[in-house]
Each structure stands twice: as C-alpha cells, then as structure tokens.
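Visitor: Okay, handing you the structure first.
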Amino acid sequence: MFIAEKITYETAGRELIKDFSMSMHKGELIAVLGANGAGKSTLLRMLGGEKHPSKGVIQLHGRPLKQYRAKELALARAVLVQHNVINLSFTVEEIVAMGRYPHNGQSTALSNGRVIQEVMEITGIEHLAERSYLSLSGGEQQRVHLARTLAQLWDIPNALLLMDEPVNSMDIQYQHQTLAIAHALAQKGFMVICVLHDINLAAQYASRIIMLKNGRKWYDGTPAEVLSTKQLYDIFEIDADVYTNPKTLKPYSLAKQVIINYNIINNTIMENNTQMSLKQQYLTYKQENPKKRIREAAQDLKVSEAELLMTGLGETVTKLKALLKTS
C-alpha cells in the first residue's frame, strides 16, 4: 500500500503542493492531470522520495519513505523522470542495464540479462541494442529510459512505479504501447502513478484520475466520475464535450474549437483589399455569434448593413447595372 497524508511542499515562501492526501493499493494505475504549473512534477518528486515534504508523511508498504535506505528504496520503487540528460555515447543496452544496478549482489548475471532482454523487447527497442544512445530520436531515447526504469522493478512484486509524462516525444503508436505496459504492470500487482497531459489517454488506461490545480487536489475518482464538462473547465479552463465510448463504456472528451478574431493578431500587417478584410471580419463574427442578425452584426462591426450585404457580391448578391435611356 502507498499513502500520502496531508503533504505540503514549500520553497521560497511558496507552497507548490498544499495538504495533498491519497492512498493506493496494488493493482491500481493512477493518472495525475492538471494544467502547466499545477504541481504535478513536484508532487511526483515527493512521492518518489527525491523531494521531502515540508509537512505530512509518505508511507510505502507501511513504512515512512524517509526511513528507506537508498538501495532499499531503489528495490521498492522506480521513477521515470521527464528529462534525462546523457552526453556520453553509451549503447542502448548499456543504458537499460543501468536499471539493474540496485540488484548487484542479489541477482545473477543470467537473470539480469534475461530481464534486460525482456524489457527491451516489450518497449520495442531490441533492434537498437548496439546503437549509440546519442544517435537516437527523442522518442527512441524516451523508450530507452522507459526500458531502464522497467528493468529496475521488473522482478519485484508489489513495486511502485512513478512516471512523469512518459509519452512525451513519442508517436501515437508508442504512446499507447507505453500506457498499455503501465496498465499491464498494474494488473500484475504493481502500483503505478503516471503524470499525463492527454485527457483521453488517461481515461482509456487509468483506473483512477487525480486532478490538480494550484497545488491542491480538486478531484479524485474513476475516469467516469471525474471527467465532465464542468470539471474539465474547472481544471483546464476549456470548453469540452464529454461522451461515453459505447464499446468500452469509458469517457472521452472533445474540446470545442477556439476562434480568435484575426484582426487582433499582428496589426502591423495591413490588408490591401479592405472589402475582403470586412468580409473576413464578418465571417469570423458569424462563427462566434451564429444567432445574431445582420443588423446586430453591423452595429458590432461599426459598419452599415449595406456594407455587410455588399460583402456577398459574387456569391449571394447579384449586382445589376442601371440602364439609362438617352434621347
């Protein structure tokens, strides 16, 4: 079991995390969602033991996290951080093998080799084993670190796996593969906490979602419980519709299109064709205000109704030439 009780993290007079509490059992995959600056990464660093809470306590398997020795903790939890900096030309296999360092003296070379091979296969990097890490793309490098982190806990029952934005830089195939691995580990009895930005990925793979805002926990529950139009607006300040997938019965969200009047963008660029500029203004206005009449549009755009009607020349308005009879 993993428990955080009223933990607070304060630095430079600011509380980045305030009175956060949670508990989880083996078999759970919790996704942590929130806007930039909500405190997600700070929270994960505290839960992993990298940062110590200013107040409160964190317990893993019934013991306060701060009572674990470094090697002991490394054999009970692993953390996949958001940014990894490696400047030396290690091979992929050498980096993955680093995940087995805590097992030195406890596992045989044969068992370590088997674990390394398995995690490279499941993350899809076995064909990169002899490649220099520095020659890889960003997404490939992220998968290498995923494999290294998995190698650390692969044969440890009931372990805690913390992942900070693990699908960054990955294409869609490996985003799903990574979270499918996390989900499968939870089914094997692991406890998995994953910071994500993608609401629909969280809804698809997580058993629980925790939503943070301004360092506080706002919502905690199943995807169906916490994902609603109101709650998404509370956390992200976006207008979104939430639906239920009829095949999986899981929720998914569709954010509504945001429309910005182009006239407020880069006013140094002047339109050569003022009539076309008015037409574009009117079309944008109609998208934003589909129910308003042309009289109201003219008032808001500070033009006459006739001018707006003239923007439809060549489309819905036919221009007639007056016939003058001369004698």
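The values are calculated or read from the model by the stated rules, or taken from the named source; none is laboratory data. Predicted model, so just to flag it, every value in this text is computed and none were measured. Heads up, the Cβs are rebuilt from the backbone with ideal geometry, glycines too, and the neighbour counts pull from every protein chain shown.
Visitor: Please pick out the residue among S41, S89 that is polar (S, T, N, Q) and touching a Ser or Thr at 6+ places or on another chain (Cβ under 6 Å). Before the answer, list the steps.
Guide: On the way: S41 fails: touching a Ser or Thr at 6+ places or on another chain (Cβ under 6 Å).
The match here is S89.
Okay, residues lined up against (1) more than 29 Å from the chain's Cα centre (by Cα); (2) of a type in the set (S, T, Y); (3) more than 20 Å from A182 (Cα to Cα):
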residue	(1), (2), (3)
S107	yes, yes, yes
S135	no, yes, yes
R143	no, no, no
R148	no, no, no
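Visitor: May I pose another question? Which residue is surrounded by the most Cβ atoms within 10 Å (Cβ to Cβ), if the candidates are limited to the range 155-185 and must be touching a residue at least 40 places away in the same chain (Cβ under 8 Å) and in a loop (DSSP other than H, G, I, E, B)?
Guide: Residue satisfying both the conditions and the ranking: P166.
Visitor: Within the range 32-48, restricting attention to residues that are among the small types (G, A, S) and within 10 Å of the chain's Cα centre (by Cα), which residue is nearest to E5 (Cα to Cα)?
Guide: The selected residue is G34.
Visitor: Determine which single condition P53 fails, assuming it passes every other condition in (1) surrounded by 17 or more Cβ atoms within 10 Å (Cβ to Cβ); (2) under 19 Å from the mean Cα position of the chain (by Cα).
Guide: Of everything listed in (1) surrounded by 17 or more Cβ atoms within 10 Å (Cβ to Cβ); (2) under 19 Å from the mean Cα position of the chain (by Cα), P53 misses just condition (2).
Residues checked against (1) touching a residue at least 40 places away in the same chain (Cβ under 8 Å); (2) in the same structural domain as L146 (by TED's automatic domain parsing); (3) among the charged types (D, E, K, R):
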position: K6; (1), (2), (3): yes, yes, yes
position: R14; (1), (2), (3): no, yes, yes
position: K18; (1), (2), (3): yes, yes, yes
position: N36; (1), (2), (3): no, yes, no
position: V57; (1), (2), (3): yes, yes, no
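Residues are listed down the side, and each one gets a yes or a no for (1) among the aromatic types (F, W, Y); (2) buried (at least 17 other Cβ atoms within 10 Å of the Cβ); (3) within 20 Å of F190 (Cα to Cα):
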position	(1), (2), (3)
E15	no, no, no
F20	yes, yes, no
G34	no, yes, no
R45	no, yes, yes
G62	no, no, yes
K66	no, no, no
L73	no, yes, yes
V79	no, yes, yes
V92	no, yes, no
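Visitor: Could you check, for the range 94-114, whether at least one of its residues is touching an Asp or Glu at 6+ places or on another chain (Cβ under 7 Å) and touching a residue at least 24 places away in the same chain (Cβ under 8 Å)?
Guide: Of the range 94-114, the ones touching an Asp or Glu at 6+ places or on another chain (Cβ under 7 Å) are none.
Within the range 94-114, not a single residue is touching an Asp or Glu at 6+ places or on another chain (Cβ under 7 Å) and touching a residue at least 24 places away in the same chain (Cβ under 8 Å).
Visitor: Give the residue that is modelled with the lowest pLDDT, with candidates limited to residues of the range 165-182 that are closer than 14 Å to A206 by Cβ and of a type in the set (V, I, T).
Guide: Across the range 165-182, the extreme among qualifying residues is V167.
Visitor: What number of residues in the range 122-139 are in contact (Cβ under 8 Å) with a residue 40 or more places away in the chain, farther than 25 Å from I156 by Cβ and either outside any helix (DSSP H, G or I) or touching a Pro at 6+ places or on another chain (Cβ under 7 Å) (or both)?
Guide: 3
Visitor: Another question, then. Residues in the range 34-42: is at least one of a type outside the set (G, A, S) and under 15 Å from L80 (Cα atoms)?
Guide: In the first step, residues of the range 34-42 are kept if they are of a type outside the set (G, A, S); the result is 36, 40, 42.
Then drop every residue that is not under 15 Å from L80 (Cα atoms), which leaves 40, 42.
Yes: one or more hits.
Visitor: Which residues, taken from the range 136-154, are buried (at least 22 other Cβ atoms within 10 Å of the Cβ) and among the aliphatic types (A, V, I, L, M)?
Guide: Result: V144, L146, A147, L150, A151, L153.
Visitor: Of everything in the range 226-248, what is in contact with a helix residue (DSSP H, G or I) (Cβ under 8 Å, 6 or more places away or on another chain) and assigned to a loop (DSSP other than H, G, I, E, B)? Give them in sequence order.
Guide: Within the range 226-248, L227, I238, D239, T248 qualify.
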